[in-house]
Structures are given as C-alpha cells and as structure tokens.
C-alpha cells in the first residue's frame, strides 16, 4: 500500500464517481441507473477512507460504514419501487415512468 | 399606607363584576339558567352589598377626615408605566364620587329589586332572566368604575363599559328589529361623543406632559392645572368666523373636546337623538341607565374636571348654553308625545340640560344636587311607568290609558309624588334642586347672556310641569280608554315592584333635605343647611356669591309660580276641558305635527349625515376599497398572481422525467461547490 499516494486514491474515487454520474444521466434502464448510484456511493466511500487514513483519524471510516448502511437501506427501497413498477408497467425503462408532473 | 388609603373601595365595583361574570359564564357554559332564587340572590345581593360598603366608607370619609382632606384612595396596581408616566388602576372616593357612588348603588339596588318583579314573567326569550341580570350587574360595575376611577383612563374604561351595557340592554329584546336598531343607534351616536372625549384626554395628557407633568390623575391635574392656564393654541385661518380668533386657550379647547363626550353620553344637542330611541329597552333599564345613572356621567365628568372648566370661560359658556337650549328644546318635544316612556325620555333630556346649565355657570353643587334628586324622581317615574305598562299588558300609548288611579293605587300615589317633584312643587326634592340651578344661572355674571339662560330655565320649568301633569292626567284620571279586554285585566303590580316605588317616593319627597338652601335653613335655625354644597366645595368649588335671602325667595317664588301655572294649564286642558287639546292641535296643525314628529331632527340627520355616509360607505368604501382594493388586489390578487405564475411558467419545470431532475440537482451541486471553493 505504501506506494500508492493519497492523490492517486482520490483520482480513482473521482473517476468512479464520474462514471456513476454519467450512468445515471445517460442510461434509461432503472437497474443500471441504480447500479450507477451504488457506484457513486462507493466512490465517496473510497474517498472518505483514503482521507481518513491520510489524516490518521478514524472518523472517516465511521462515515464510510454509515454510508454502507444507508446504501443497503436504499437498495431495499429502490428495488421495491422498481419491482412494483415492473409489475404495473412491465418495463424498467425510466422514460415510461413520467406521470409525476402537472 | 396613609390615612387616605382604603382597601375597601375595590369591593364596591368588584362585587357586581363578580356577580356579572359568574352568571354570565354560567349562561355560556351551562345548558339552562341557574335556579331563579340564586340568580336573584346574586343579582340583587351584589349591588346591595356594594351600597352597604359604600355607605360605610362615605360615612367614615365624612366623619373621619378634615373637610379639605376628604379623600380615600385604593390603588390596585400600576396599569400603564412608560417613562415618567404612570397610570394606576386605582379608585378615588371623595365628596363628588361619594354622592355618585351612593346614587348608583342605592338607586341601582332599588331598580335591581324592581327588575325581579318586572322581568319575572317575561318569556320572550330563553334564559332571558339571567342574561338580563348579568348585563345589569355588568352595567353597575362599569358605572362604578366610571365614578370611582382615580384618573381619566380608568374613568374612560367605565365610560366605554356603560356604553356597551347600554347597547346590550337597549337591544335586550333583539328579536324585534326595531330594538336592535335602537341599540345600534345609541352605540354609534355615543361613539361620536366618545371620540371627542378621547381627543380631550389626549390633549390634556399631551399638554400636561409637555409642561413636564405627565399625568392623567385627577388630583395631580387639579393641582397643576395652573401650568396650562396661560397656554393658547392658534386656530387655522379657515376658522376665522369663530369667536376668540386667532387663538383659543388650550384648556378651552380641551374642555370643549371633553364636553363633546359629555354631550354624547348625556344626550345633549346635537347628540341627544339616541336617548328617546333607547326606550326600546326594558323599563328598568330606562330607569337605571337612561334616567338615573349613565346619562348623568357627562355631568359628573364636567364636575370632575371643574378645575379645568373653571379656567376656560368659553367652554363654560358653551356648556351652559347647550344645556339651556337642550332643556327648552326637549321640553317642547315632550309636550306632544303620546308614548309614556317617550315623554319621560324627553323630560330626561330636558333635565340633563338643566344640569348642564348648572355645570356651565359653575354651580357644580347645584348640578350634582339636581343629578341626585333627578335620579330619585326620574327613576321613580320610569318605574311607575313600567308598573303601568305591566298593568296595561305592555300598552305604552297614553291616549289608550286613563282612570288607572283606582286600579293601581300604589303606582298612582308614588307616580304623583314623582310628578310633583319634577314639576318643582315645594317641598318636594325637585323644587330645591331646580331652584338652586336657576339661582346659580341668575347670579352667574361671568357667563354671557346668563339672564337669558335663567329665563329659558324658567320657561322650561313651566313646560315641564305642564307636560308631566298632562301625562299624569291622561294616565291616571278620567275614563279608561283601553279596549275592554285590557281594561278587565288591569291590576296593581306585585311587591317586588311596589316596594322600590315607595322607597323612591320617600327619597323624592325628602331628598331636598340634603341640599336645603342656606336661606331656608336659617329660617329654621339651622346654619349652613346646604350640606351637599359644603360637602362638595373642596372638590368642585363653586364661586362664592353673596345672595340676599330676599333675592333667593323671590326667585323661588317666581319659579314656583311658573310651575303652578303649567300645572294649572294642564289641569284645565286635560282634566277640566278634555275636548280642548284636540281642538287646539287641529287649529295649529302644522306646528303640532312638527313638534309631535320631534321637529323631524332624525329625518334631518338621516338626510344630511346618515344617508350620504351610508352611500359613501357602500359605493366607495365597501365596493371600492374593501371589495376592490383589499379583496381584489390584496387577498385574491396575490392568490391569482401565484396561480397564474405557476400555471403559465413554473409548472413546466416539472417534466416528470427523472433524469432531468437529476441533471438539475447535479448542476446545482456543481454550482454550489464552485461557489464554496471560489476563493481557494
């Protein structure tokens, strides 16, 4: 581990995050969008843990655990929404779910 | 704690308040009235207890303190405190408020007793009995606040309170529109007067404060009124027609403002029009509020502020002249009225004018004396009229009465005493008090035209005697003109009603003894027999005048003669030659109809003031300002603007596509971060 610099960790985290953002913005498949959100969350986790190690403070790692828990909960809720949408509309395309407006 | 502190005073107003609140709250929260015995005990007990306390305190005031130092103060708490200015909620018992408190609680208690008999079988409304007494006790409380208040603010609270109760009680039988309208009229006309009163209070406070003495307390104002005596206010050039232009004394202006308030409350020209209509209320209300107590509040206020009026000769002359004109004007209207209560109402207006004559010519003790005797005999007359109305099954038209003398002997006898008292026949109480007023007017050389005021008073005395005896003859003598159904059921009233009549008759008969003029006392070997005058002198000082006993007796003789002439004329027209009045009325038909229609002043006010004001309110204020500006632009306009903004523009931001939301969120996040790190 000694040869990887803190900067490199952050670059990797930023890249993963951007991949997630791009996926959420461009893909229409809800499952894929969902996975992209997970990517963003994990990118931020990586960033948090890296900073935590750099500073020598455990708080960052505690935050990472918190994010994991929230992510797990979110997965449960999100998947439930997707399943109910599939049951009603027989689709996972996000553009088919555009009724929530005026 | 000094010898002037007296914590018993607070209970005088608080007991009626407690009774009113208790029975009022019960009415609000309980499904039915309290047991009638309890209602009566509460309602009648409270004023009687107040009267007992007041009597004890007045006694210890009169006997325990030096004449110049006669006052008790009961300070409850500091009500308003701002910088140097403090207004306490405190009560003051001095000779002037002593007389008033005794009249209010004494006559008030009798009327409360009477009301039990009068309202007992009144079933016009659910829970009316208890509601009536709750209002009546609330009135007694307010009136006591008014007369006991130690400063102008406490007085004003009572002043407004009695106005409210008057409104509530005039419209007591509110299911009939006319009664409710009469209540509203009284309230609105009184508001006009109250506005003047408020301006007077503000002006006095402002001028005392700018003289370095911020106070509204009576004794402090009286002690420092000299600070203001030299100050003048410049009049705008548009008012150059006024006497005294280009500047008025500050006190003159303040006193005139106060007098506007007194005009409203005490029914003087031009604000008298509410009082005759106020007869729509139950008769005990007319007796208590619209004859004995509330309407005398204006006279009390002028006497209370006598230290200011005495330094404002212009205001005093105005008071005297308005009083004189009202006395004459109302007396003439009284000549042609056929409603028993309306005759008494105009007579009240006229007698109040008498009191203002006295207050205007600085005969404050005469004013208070007449106030007291008037409370006795006018309450008696109203209660007697109420007894007649009950006996006649709510008939009030005197042309349909007659011959009640034998059917209602107690009512007849006591009513006759009241009529004799108001007509100024010696030795009834009204003779002495009226005489003292006319004497004061005759000797008031400081007031311009004082001999004319005296003459007007004299003529009014004759008119009063005439229309009161006209009333008496039409109601009690001759053949009954009622339909046979009513005639068969005429009956004397019960003991609740007769007992107060007798008590008031005794007071009307002997009430003159409180202020027996010195000249009469010396005949009987009693020096300084005008005890009321000497009692009041430290508070409301009348200028001393040297009157020869011969002048006094001469004036009294003239007055009595005029009164007797009025009685004789009434006897001729309404007892001996009953056919004459109709012929005379037919002979001067236009004049008769004008007087009968009260000079059509109400119609004049309606055309000049009420209708333009109502029209202006309807079109400009209601339709233009309220519906157009406030509702249209303000309330609905704002709502419509938001709706239109959302409907035309903002709603399109809600696309329904998740990814556009995410994009907006991301953009926001990026901008936020950019802003946060902008300096780094």
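A few points about this structure:
- Region B:348-414 - Rg and Dmax from Cα coordinates, angstrom: 15.7, 46
- Helix axis angle, B:637-648 relative to chain B longest principal axis, alpha carbon, degrees: 20
- Rounded if a/c under 1.5, otherwise prolate or oblate - region B:388-546, Cα gyration tensor axes: prolate
- Inter-site label distance for residue B:499 and residue A:55 at 7 Å from Cα along Cβ, in nm: 9.1
- Residues B:611, A:28 arranged by fewest to most Cβ contacts within 10 Å: B:611, A:28
- Treating each Cα of region B:127-260 as an identical point scatterer and summing with the Debye formula, the log10 of I(q)/I(0) at q = 0.15, 0.21 Å⁻¹ comes to -0.82, -1.18.
- Each label point was placed 7 Å from the Cα along the Cα-to-Cβ direction; for residue B:481 and residue B:635 their separation is 5.4 nm.
- Relative contact order of region A:6-90: 27 percent, from C-alpha pairs under 8 Å at least 6 residues apart in sequence.
- Cα-based shape type of region B:600-676, given that a ≥ b ≥ c are square roots of the gyration tensor eigenvalues and the cut on a/c is 1.5: prolate
- Sequence-separation-based contact order of chain B, relative, with Cα cut under 8 Å and 6+ spacing, percent: 11
- Once the convex hull of all Cα atoms in region B:525-653 is built, its volume per residue stands at 325 Å³.
- Take the Cβ atoms of residue B:184 and residue B:489, set R0 to 25 Å, and the FRET efficiency comes out at 0.15.
- Inter-centroid distance (Cα atoms) of region B:256-290 relative to region B:195-231, Å: 27
- Counting neighbouring beta carbons within 10 Å and listing from fewest to most, the residues B:60, B:90, B:480 come out as B:60, B:480, B:90.
- When every Cα-Cα distance of region B:399-492 is counted in 5 angstrom steps from zero, the calculated P(r) takes the values 3, 13, 18, 17, 13, 11, 9, 7, 5, 3, 2, 1 percent.
- Simple label model, 7 Å out from Cα along Cβ direction - residue B:577 to residue B:647, nm: 8.4
- Cut-off 14 Å (backbone N to label point 7 Å along Cα→Cβ of residue B:224), residues of region B:175-204: B:204
- Put in line by how crowded their Cβ is, counting other Cβ atoms within 10 Å and starting with the fewest, B:417, B:80 read B:80, B:417.
- Rg ratio (alpha-carbon, reference 2.2 N^0.38 Å) - the protein assembly as shown: 1.43
- Of every Cα-Cα pair in region B:313-425, the percent that sits beyond 24 Å: 31
- With 5 Å bins from 0: P(r) over region A:6-90, alpha-carbon pairs, percent: 3, 15, 19, 20, 18, 11, 7, 4, 2, 1, 0
- Space enclosed by the convex hull of the alpha-carbon atoms of region B:566-641, per residue, Å³: 132
- For chain B, the percent of C-alpha pairs falling in each 10 Å distance bin, counted from 0 to the bin holding the largest distance, reads 3, 14, 24, 24, 16, 7, 4, 3, 2, 2, 1, 0.
All of the numbers you see were taken from the coordinates with simple rules; none came from a lab. This structure is a prediction, so every number in the text was calculated from the model and none was measured. Every residue, glycine among them, receives a Cβ derived from its backbone with ideal geometry; neighbour counts consider all protein chains shown.
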